[in-house]
Amino acid sequence: MRLRSLLGVGTLLAASAVTGTAGSPALAADTPAGFTDTFVASVDRATAVEWLPSDQIVVLEQSTGRVRVGTPGGSFTTALDLAVCGNSERGLLGLTADPAFLGNGWVYVYYTAPVGGGCVNRVSRFTLVGSTIDPNSEIILLDNIASTGGNHNGGDLDFDGDGNLLVAIGDAGTVPRGNSGSAGSNDAAQDLSLLNGKIVRITRTGAPAPGNPFTGAGTSRCASSGTNASPSTTCQEIYAYGLRNPYRIAVDRNDGAGGFFINDVGQSTFEEVNASAVGANYGWPTREGSCPQGRSSNCPAPPAGLTDPVTSYGRSLGTYITAGAFVPNGSWPAEYDGAYLFGDGGSGRIWMRQANGTVDYDTPFATDAYGLTDMTFGFDADGVMVLYYVEVGGGLRMITPAGIPAQASASDLKMVPVTPFRAYDTGDGTGAAAGDVFNGTTRVVDLDPPTGVAAALVNLTYDRTYGPGFVRAWAARTQRPGTSALNADRPSTTVANSAVVALADDGTFVLESSTTGRVVVDVMAWFVDTPGTSDDGRFVAVEPSRVVDTRLPAGEALDSGSPNPWTRTSRRIDVEVLAHPHVPDDGTVGAVVLSVGAISGGAPGGFVGGYPGGTTYTGTSNVNVLDGEVRANMMVIPLGGAAYVSLETLNIADVVVDVLGYVTNDSAGSSTTGLYSTIAPTRSVDTRIPLGLEGRLGRLDPREAMTPVATTGASAVVQNITVTRTSGPGWVAAHPAPAVPDTSGVNYEGAGQTRAALAFTTVSDDDTTFFTSLVSVDLVVDVVGFFSG
């Protein structure tokens, strides 16, 4: 451990100051084995750092009022130069992004504003476009919060699990009402008629959040004044109280519970971490840490109605607690799952509270992070999850774990289709505590697969999205890919897409959402790395062709040669797949691979879920549509001994079903083809750049694109096909020959849309694929694997 003298800063630390000056890069923190500390950027008196869903990093400069925006591995520019009171602990203190940030660009800023010759704390919403914030976009949500003594402003912002804005506000150093005093005599934290010394919770428009503890008679809003005129009238914005200087808060995004920790700066004996609880009173100024104020040992339990911290430490270890962040599960080594990191700016130590609640204060996670003010998790330029942190005199740095690999490839995998089942649902709590996935954050999904499973075919569903966004998915404890698996192009939508996701050895994968919303994971098949000697589990690719179109009468032959064999009973549509020319009726087919297009029945929402014929519907879905929509998705459905598969529908007028291939059962003859191999997700086409194809797809103009080199000799590739900036209603088809088939893989019903669908696409003999669109669109194709030829 490297030591640095603290001579000359003791007075500032005892006063809980967060001050400093810019200079050369500070000394790197001393980190555990397997981690490195790296300088990222110079920042003048850095107070806060935030990771945005746009893969941007925001750093705040306390006294200059500058908001700096950059990217991993890139440069930083000034997005906003805000007039602030920058003396003492005042200034530019906190920022967070809106739950629908990718769609609206909103960011929320906590700063000390100069008003009428004085200084008050304020929370405002601004709009960030690219790397610029328009100062005229400011909308004030909370104003005139007292900053009486210049210190103890708090200043952090975050969103809870219900999409409400949390604001951490200090006690102003000196009581705003002037009826007590300063420091330990300041009772503002217990005065419910003002916002100081509180955690405040408001909606995105500034109203008191639903569920706040103080409502009804004897309460009123304090948003514009920071206080009530009458000391007996309680502020409705208060969520919790009894805090001295809650400098940083951190919400746990690893599940949907939305719990958070509050790092509260102490007076003279303890620094503390508090767990969130609506209506909680954390005891300041009566208590500090787990003791009455001024005592440090042999302390009694808290009086009734007061809540002690979950952990605290004394002056021998540090002098002012600042930064805190929950480690995203599945991103760092397994021993860090469920952990909370928190640090002290005076001693430069960062500790880890483990999942079981214990803290080894004698063995910090890191040391020498002097002047530490804030930390957050985000990604570096290689897709590794890192801890970004700022020091008031040392700029922006990051701590990176070593040995996080890119996704490993796996070869010769047998595909084992299963009756679809739901493995994860943030709406009802399947697989994790219920609650939306917050934008720009990750979750670990444990599929609990059988032994030997290396990957899974899943159906991902977005629901109740706050705005446009996308989902990425990758094996836990590997690097994040640059490709996406699911796209939503607007708020309040429901959309699904299939994906093949690689799994870690423990059966887990990580999903990241760039907008806030419900995410559902249904499993359709396993990919097993022990094929054995039997010839089941081989995918046989066929040229795509239509088997059923319910817009036409059952039995009316289609151009593909299919007799259009379907029956409808209430919400169920049965499709006789063995009647199709490309699917043999010889007892060797174990499952069929279909692309199913759904046409809305005119109701607010609908879906299609596939399952084996002759069995009971299991509650999963594959295609989701809203009123007026046409969407398609790929399904793998076991036959289960029947000659047909069933489609459960809700508010669906019609379906069209295309055959992409089938999966053999153990009655198939000997074959060395059709086994699956994963590859690191590779973008093969992006007409916006352009990559793979020059310019947009034109109307009914088949365009040929090479598949990635790694898939040479494949019978079929597994690729996610995304269309964007559509010029009107239509479809896109992927096919192995120039002739345009009577099938489609991606559907869209208007201009300006973004749609995606997974496809098992047959590859031509020269390792190419053709793409055709009904109207002009941009095309993005990500290849994730292939089947052997």
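The values are calculated or read from the model by the stated rules, or taken from the named source; none is laboratory data. Quantities reported herein were computed from a predicted structural model and do not represent experimental measurements. Don't worry about glycine lacking a Cβ; one is built from the backbone with ideal geometry, like all the others, and counts go over all protein chains shown. Protein only, heavy atoms only, side chains kept; ligands, DNA and RNA dropped before computing areas. Shrake-Rupley method; radii C 1.70, N 1.55, O 1.52, S 1.80 Å.
For (1) farther than 30 Å from G628 by Cα; (2) touching a Pro at 6+ places or on another chain (Cβ under 9 Å); (3) at pLDDT 90 or above, each residue gets a yes or a no:
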residue: W731; (1), (2), (3): no, no, yes
residue: P738; (1), (2), (3): yes, yes, yes
residue: G752; (1), (2), (3): no, no, yes
residue: T761; (1), (2), (3): no, yes, yes
residue: D765; (1), (2), (3): yes, yes, no
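Of the strands (runs of 3 or more DSSP E) lying entirely inside segment 508-576, those containing at least 1 residues that are within 21 Å of T762 (Cβ to Cβ) span 518-528, 539-549, 572-575. As a summary of the residue check, V200 satisfies the conditions (1) of a type in the set (A, V, I, L, M, F, W, C); (2) at pLDDT 95 or above; (3) open to solvent by 30 Å² or more (accessible area, probe 1.4 Å) except for the one numbered (3). In segment 547-570, the residues that are open to solvent by less than 80 Å² (accessible area, probe 1.4 Å) and among the charged types (D, E, K, R) form Cβ pairs under 9 Å with partners that are part of a strand (DSSP E or B) and at pLDDT 95 or above, at six or more places apart or across chains, as follows: D549/W566; D549/D654; D549/V655; D549/V656; D549/V657. Can we say A304 is free of Cβ contacts under 8 Å to residues at least 12 places away in the same chain and either open to solvent by less than 40 Å² (accessible area, probe 1.4 Å) or over 30 Å from V327 (Cβ atoms) (or both)? Against the criterion (free of Cβ contacts under 8 Å to residues at least 12 places away in the same chain and either open to solvent by less than 40 Å² (accessible area, probe 1.4 Å) or over 30 Å from V327 (Cβ atoms) (or both)), A304 qualifies. Within the set R490, R422, R464, the sole residue that is in contact with an Asp or Glu (Cβ under 6 Å, 6 or more places away or on another chain), farther than 26 Å from D382 by Cα and of a type in the set (D, E, K, R) turns out to be R422. Number of residues in segment 406-424 that are under 29 Å from E50 (Cβ atoms) and either touching a helix residue (DSSP H, G or I) at 6+ places or on another chain (Cβ under 8 Å) or at pLDDT 95 or above (or both): the value is 1.
Considering each residue of segment 113-140, count those that are assigned to a helix (DSSP H, G or I), touching a strand residue (DSSP E or B) at 6+ places or on another chain (Cβ under 7 Å) and over 18 Å from T64 (Cα atoms), and give that number. Break it down into steps so the answer makes sense when it comes.
Narrowing segment 113-140 to residues assigned to a helix (DSSP H, G or I): 135-137.
Those still in the list that are touching a strand residue (DSSP E or B) at 6+ places or on another chain (Cβ under 7 Å) too: 135, 137.
Still in the list and also over 18 Å from T64 (Cα atoms): 137.
Total satisfying the criteria: 1.
Have a look at D171, D156, D143 and point out the one that is among the acidic types (D, E), outside any loop (DSSP other than H, G, I, E, B), in contact with a Leu (Cβ under 9 Å, 6 or more places away or on another chain) and modelled with pLDDT of 95 or more. Explain how you work it out, then say what you get.
Values: D171 fails: outside any loop (DSSP other than H, G, I, E, B); D143 fails: in contact with a Leu (Cβ under 9 Å, 6 or more places away or on another chain).
Being among the acidic types (D, E), outside any loop (DSSP other than H, G, I, E, B), in contact with a Leu (Cβ under 9 Å, 6 or more places away or on another chain) and modelled with pLDDT of 95 or more holds for just one of D171, D156, D143, which is D156.
Against the criterion of being crowded, with 21+ Cβ neighbours inside 10 Å, farther than 21 Å from G242 by Cβ and among the hydroxyl-bearing types (S, T, Y), S297 does not qualify. The single condition from (1) within 28 Å of A188 (Cβ to Cβ); (2) surrounded by fewer than 23 Cβ atoms within 10 Å (Cβ to Cβ); (3) at pLDDT 95 or above that F379 fails is (1).
Selection of first residues in segment 522-542 that are among the charged types (D, E, K, R) and at pLDDT 95 or above and of second residues that are assigned to a loop (DSSP other than H, G, I, E, B) and surrounded by 22 or more Cβ atoms within 10 Å (Cβ to Cβ), restricted to Cβ pairs under 8 Å at least 6 apart or on distinct chains, gives the following pairs, ordered by first then second residue: D522/T620; D522/S621; D522/N622. It is to be established whether one or more residues within segment 339-351 are charged (D, E, K, R), out of contact with any helix residue (DSSP H, G or I) (no Cβ under 9 Å at 6 or more places or on another chain) and under 30 Å from F787 (Cα atoms). No - not one qualifying residue is present in segment 339-351.
Criterion first (open to solvent by 10 Å² or more (accessible area, probe 1.4 Å), of a type in the set (A, V, I, L, M) and free of Cβ contacts under 8 Å to residues at least 40 places away in the same chain) does A277 satisfy it? Yes; evaluated as a whole, the condition is true for this residue.
Assess whether P690 counts as being out of contact with any helix residue (DSSP H, G or I) (no Cβ under 7 Å at 6 or more places or on another chain), under 30 Å from A408 (Cα atoms) and free of Cβ contacts under 8 Å to residues at least 12 places away in the same chain. In short, yes.
Would you please name the residue that is least open to solvent (accessible area, probe 1.4 Å), looking only at residues in segment 311-366 that are in contact (Cβ under 8 Å) with a residue 60 or more places away in the chain and among the charged types (D, E, K, R)? For segment 311-366, the residue satisfying everything is D344.
Looking at A591, A603, A598, just one residue is at pLDDT below 95 and small (G, A, S), and that residue is A603.
Here L372 clears all of (1) under 27 Å from the mean Cα position of the chain (by Cα); (2) surrounded by fewer than 24 Cβ atoms within 10 Å (Cβ to Cβ); (3) over 24 Å from R201 (Cα atoms) except the condition numbered (2). When residues in segment 600-631 are screened for being surrounded by fewer than 23 Cβ atoms within 10 Å (Cβ to Cβ), among the aliphatic types (A, V, I, L, M) and not in a loop (DSSP other than H, G, I, E, B), 2 of them pass.
Please go through segment 673-713 and pick out each residue that is charged (D, E, K, R) and either at pLDDT below 90 or within 26 Å of T478 (Cβ to Cβ) (or both). Across segment 673-713, the qualifying residues are R683, D686. The single condition among (1) within 22 Å of L457 (Cβ to Cβ); (2) open to solvent by less than 50 Å² (accessible area, probe 1.4 Å) that H582 does not meet is (2).
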